[in-house]
Structures are given as structure tokens and as C-alpha cells.
Amino acid sequence: MVADKKYDASAIQVLEGLEPVRKRPGMYIGSTDERGLHHLVWEVLDNAIDEAMAGYCDQIVVTLHEDSSVSVSDDGRGIPVEKHPQTGISTVETVLTVLHAGGKFGGGGYKVSGGLHGVGVSVVNALSARTQVTVDRDGGKYFVAFEGGAPAEELKKVGEADRQGTIVKFWPDEKIFETTDFDFEVIKKRVRQQAYLTRGVTITLRDERENEEKGWFPQVAQFYFEGGIASFIRHLNEDKEAVADIFSLRDEADGVEVEVSLQYTKEFRELVLSFANNIQTAEGGTHVTGFAAALTRVMNKYARENGFLKEKDPNFSSEDVREGLSAIISVKVADPQFEGQTKSKLGNSNVRGIVDRIFSDKFSEFLAENPPEARAILTKCALATRARLAARAARDTVIRKGALEGLTLPGKLADCSSKDPKNSELFIVEGDSAGGSAKQGRDRYTQAILPLRGKILNTESCRLDKMLANNEVKSLIVALGTAIGEEFEGKKLRYDKIVIMTDADVDGAHIRTLLLTLLYRHFPELVTQGHVYVAQPPLYKLVKGKQTWYAMTDEEKDALKKEHDVKGDNIQRYKGLGEMNPNQLWETTMDPKTRTLLQITIEDAERADHIFKVLMGDEVLPRRRFIQTHAGDVKELDI
Ligand code: 1YM
């Protein structure tokens, strides 16, 4: 075989170019666990979505193949195949092999830069054992393949094509990822969300992998939403009782495209999701502040002019006008700036005024033209205001007693001696006996322990006044140091990590759900800023002679058992944290050097909240549905 010299040289260049990605994948995709693995799919899907947003493509298919590869295909223009002037190789090869070449060369479009998103499809290539790209363009079918990021099969024309489009297929590198098992449900959620945000596109998800439960037929999900984000609101409010119809707007100003959809429900909480260029902005940003300011102003103006607020009444607060509100704010900006701790906060300052202006115009118009809807919404706000004032009165009584002043930390809190929040951790431990072990086993300098008793937070109600009457909740709030509600101050947080440590059984899961729900509803900032964790205590202890091993899962236990030939008697299944002595608890679960902590994302907390609502809420139908669907999930019930 005679190698093409020039091609060889470019292959080496490419390898050097992508080497940093293979060396430090976390820098580019966050992590190499399941989340990082799925990031590869988002990256390729983003490119197809961009093509759809630009108006060139309306069909996208994501396929999970049997050989653990994934492919994404679209019917867009096809990635260009002609020689790229700057690199001397084809544009498609450039896109796949040059870091940050994903941002379109001089082309317009809404390509996102910065953050974890938009790192470019070259990162996917770098982290895949093999990547194949097929381009149908100008009547020809072209093919190129890479291995470990390096060119493996040169770009060539392999046939004719009567369609246009791109197919990217990749095999994630098993040497890089902890797992290469894609989760259908995770991808489905993402695909659904993208379909809501990209009007007119149909996205199909096919799972062709073997599936014993469901038979060997491919699982298929397909999404197309005529209504765009209005359909999204309908989906989010499925289990909620609406107060008024959905309001939606779509407009553009100064090159910024704005879409807002909202609906008031009888809930107490607000649910505001925001996106910039189809990327969720969990920390909000200028689009959200513009929206919130306009909403408060418009509601107050309407209320004054139409007698919902009398002269002596104070204005609605921004909290009042957001109670029970489900809203989606989606903007498309040419040059989005992502800021904040997790790079999920939109920073473009001109967006604030644009969203404010567009939303206040259209929403005022909506209220003026739909008096019955307006009446229902304003009545709901007035109710929220009364409840807020009642809650404040109740809280003032509580505060007068001194409980929330933060002066008296709860008696059962074993605080750490360090006063620097940056290296302090709070373990919330289920039950007094486990709490005892944790207090003895901990690092006293950095680790604080707060034991909470079983039926802690049966605060079905999320009203602040009721919650503050609960002693367990009060202890937690005082320990956190941030206060709650209007008085919440994130920077007063006394611990960098808040670790929930519960038993690995059904009760433990219940308490964890309650705690996550509490944090999600009343301290969402702590979740979005990554302060909340779940401890991962082992499920088994295996002993042979003087050696001890711990296993977190049944699979791990079986593997250790086989590897070290441990006989049945020497395997102990931990029923609860309380069964571990302080030393074991430290070694397996608390020691920063050896433990595994699961960081909770806002999606995890949102899921807990959903489960909580279904299990505790007063609507019977969703609860019955939930229990029927998940009855099989409970493998072992501790009675
Ligand atoms: C399955 C993934 O990548 N589709 C895709 C990508 C591109 C284009 C079309 C495209 C863009 C432009 C012009 C332009 C990309 N092109 C580039 C680059 N699907 C997928 N479909 N023609 C085609 O933006 O001007 C990067 S991505 F850089 F080559 F233009």
C-alpha cells in the first residue's frame, strides 16, 4: 500500500490537534460518566437542530444501534465536502478534526459558543473509537471515516444521491467512557424538548438494541409539535389544574428572536424554564429578568386600572405574580454569552430590554382583549398576595421566638469546627442511630452532622407558614444559614456541600425524595449551583481473612465474590446506615478520599418533586397511574 504523503502529514496534525481532548475529556464534555457519554449525542444533535433552525431541514432521526453506536441523520444541506481554504482538507474533515471548527466558518446561523455546549463535533470524533460521516449533497453520496479522531478512510464519493443530508455515526470509545450504555429515556426527554423548541421539525428516536422486556422490536418515539413551546407548556401542566388559557407570543427585534408561552395553574409554585438557542439556561439570565420585570409591571398596571388593586393596596410582588405560573422563555441570539457557575446563565445585556418590551406589549394586549382570562389570573394573584401576607405574619411570630434568627443552631446539629464554608460539609442523616455513628466517624474539622428523624418533612403543603411550624425543617434551615423565602441569601450558606445520607431501602428513598423536594422548592439556587449531593453507602460488606471489600451494587458484590472466592457467610448485606460502625461509615461513605458522592442536578430534583407530587398530592389519578407503572421497580420491600 502506498500511502498518500500529504494525507499522512495531515493525519498527524489532526491527531496532535485532538490529543488534548482525549487526554482531558472532562474539560470538553464535563465528565466521562453517563452524563458525558450522552453529551456526545447532544453535540451531534445540536448540529442537526442548527440546520433545522436555519430552515434547511425538517426530519432528524436518532438511532441507537445494536453495536452500541449512535447515528444522527438529517435532511439538511449536507456538510460541505469541497476543499476548505484554511486547512487544505475538505470542509467535512475539517469540521470533524479541528477543535472548535464546529462554529460555522463565516456562515451566519445561531451557532452557540462557550459553555459545555457547542464544543463541536470534533470532540465527539476525538472521543469515539470510530466515526463515520455520510453526506448527500449536489447529487453525490460522500463517505469519510475516522478512528480515535484520526482519519481512517479518506473522503470519497461512493455513489449518487437524490436527497440532501448528513449522517454522523459514532462508536464512543470504551477506553475513555465509564459506560457506553445509552439511556433511551434520557435521550427521549432531550429529543422531545428540542422538538418543542424547534417548530416544524420532526425528530424520530429509534432504539434497535436488544430489549428482553419489550421484545426484540425496535422502540420508536417520534416528536413533532405544531404548537412549539405552547405544546411544551401543555405537557408540563398535564397534571395541574389550569386557571386560564395558554398565552403565547413569537416576535423578533434587533436580530433577537423571542418566544414566550405561559399558563397560570392552581399550584403554589412557579415553573419557569428558559432557553437560549435551544440550550436550557438553568441559572436564568437577561431573558428571564426582562420577562419577570415586565410581568410584574404589566400585572400591576392592569390590576390598578381594572380595580383588582385599590388605591390603598400595595403592589403585587414579583413572587405574587409568579405563583402557579408555568412559563417558557426561549430566545435565539446570534452571539450568546453563557455565564454563571455552570455556564447556564445568559449574559447578553441587550436581551433584557428586548424581551421586556416584546413581552409587555403582547401580554398587555392579551389581558385587555381577554377579560375573563385576565380576571382569573388577577384573582389568583390577589390570593397569592393574601397568602404571602399571612405567611409573613406567621413567620414573624416564629422569628420573634428566635428560632430562625440563626443565633441558636439546633441542639442536635454536631457542627464542624471550621468556619470557612468553602471546606465545610453538612451531612443530613436519617435517624438518630446512624446520626450517632456519623458523629463519631466524621472529620470534625470539616464535617457537620444533622440527624433528622423519620417522618420529618411531611409537609405536603409547601406553604411557608406550615413548613416553618415543622421542627425538623426549622433545624435544617437554621443549619444551612441562608434563611428562606424572601429572606433567602445564598451567600450566607454555611456549607459548600450538603450531603443527604439515607439508607439504601424504600424508607431511605422516601426521605431522600422529601428532602430533595424541599430543597428544589425552597432552595433551588443551592441545587443549580451544585451544592447538593447524595451519599452512596455500600450495600454489601465482604470479608475474607483480614481483608474487607465493600460493594455498592449487586453486580459489584457478585464480581468481588467471584474474584476473591468469598463464601456465603462472609457477605453481609447492610440494611441501614445504623448497622455500620463509625469507622466503616467513615471509610465507605464519608471520607473524601474514598467515597463517591452523587451530585444532584436540577433535573434530578425536578424528578423528585414530580414523584413527590404524584405520591402526596391530592389528585388520585396520576398517583394510581404512577404506582401501576412503577410497581415493578421496587425490587425489595423492607417490612
Ligand atoms: C447529523 C449532524 O451536522 N448537519 C449539518 C451540518 C452543517 C451543515 C448542514 C451546513 C452548514 C452550512 C452550510 C453553514 C455544518 N456545516 C458546517 C460547516 N448533522 C449535521 N448540516 N452548509 C451545510 O452553516 O454555512 C459545520 S456544521 F462548517 F462546514 F459549514
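Filtered by the rule that a residue be free of Cβ contacts under 8 Å to residues at least 40 places away in the same chain and surrounded by fewer than 15 Cβ atoms within 10 Å (Cβ to Cβ), the range 176-217 gives GLU185, LYS189, ASN211, GLU212, GLU213, LYS214, GLY215, TRP216, PHE217.
Within the range 326-340, being farther than 30 Å from LYS240 by Cβ, surrounded by fewer than 24 Cβ atoms within 10 Å (Cβ to Cβ) and in contact (Cβ under 8 Å) with a residue 60 or more places away in the chain holds for VAL333, ALA334, ASP335, GLN337. Filtering the range 36-54 for residues that are buried (at least 22 other Cβ atoms within 10 Å of the Cβ) and assigned to a loop (DSSP other than H, G, I, E, B) leaves an empty set. Every test in (1) in contact (Cβ under 8 Å) with a residue 40 or more places away in the chain; (2) buried (at least 17 other Cβ atoms within 10 Å of the Cβ); (3) part of a loop (DSSP other than H, G, I, E, B) is passed by PHE225 save one, and that test is (1). Among residues of the range 595-606 that are at pLDDT 80 or above, those with a beta-carbon under 8 Å from a residue that is among the hydrophobic types (A, V, I, L, M, F, W, C) and in a loop (DSSP other than H, G, I, E, B) at least six positions away or on a different chain give the pairs THR596/MET552; ILE602/ALA282. Of the strands (runs of 3 or more DSSP E) lying entirely inside the range 461-553, those containing at least 1 residues that are among the hydrophobic types (A, V, I, L, M, F, W, C) and under 19 Å from ARG607 (Cα atoms) are 497-501, 532-535.
Which members of the range 51-85 meet the condition of being over 31 Å from the mean Cα position of the chain (by Cα) and more than 11 Å from the ligand (Cβ to nearest atom)? Selection gives LYS83, PRO85.
The listed residues are SER417, SER437, and the only one of them that is modelled with pLDDT of 90 or more, hydroxyl-bearing (Ser, Thr, Tyr) and either under 33 Å from the mean Cα position of the chain (by Cα) or surrounded by 16 or more Cβ atoms within 10 Å (Cβ to Cβ) (or both) turns out to be SER437. In the range 502-519, the qualifying residues are those that are in contact with a strand residue (DSSP E or B) (Cβ under 9 Å, 6 or more places away or on another chain) and either over 16 Å from LEU480 (Cα atoms) or of a type in the set (Ser, Thr, Tyr) (or both), and the one that is surrounded by the fewest Cβ atoms within 10 Å (Cβ to Cβ) is ASP507.
Just one of the listed residues (THR589, THR513) is more than 19 Å from the chain's Cα centre (by Cα), of a type in the set (Ser, Thr, Tyr) and under 30 Å from GLN341 (Cα atoms), namely THR589.
Give me the pairs: first residue in the range 154-171 and under 26 Å from LEU64 (Cβ atoms) and without any contact (Cβ under 8 Å) to a residue 40 or more places away in the chain, second residue within 16 Å of the ligand (Cβ to nearest atom) and among the acidic types (Asp, Glu), beta-carbon distance under 9 Å, and six or more apart or on different chains, which are they? Listed pairs, sorted by first residue: ALA161/ASP136; ALA161/ASP138.
Only a single criterion out of (1) under 22 Å from the mean Cα position of the chain (by Cα); (2) farther than 23 Å from LYS332 by Cα; (3) among the hydroxyl-bearing types (Ser, Thr, Tyr); (4) within 15 Å of the ligand (Cβ to nearest atom) is not satisfied by THR166, namely (1).
The values are calculated or read from the model by the stated rules, or taken from the named source; none is laboratory data. Here the structure is a predicted model, which is why all the values come from computation and not from measurement. All Cβ positions, glycine included, derive from the backbone under ideal geometry; neighbour counts span all protein chains shown.
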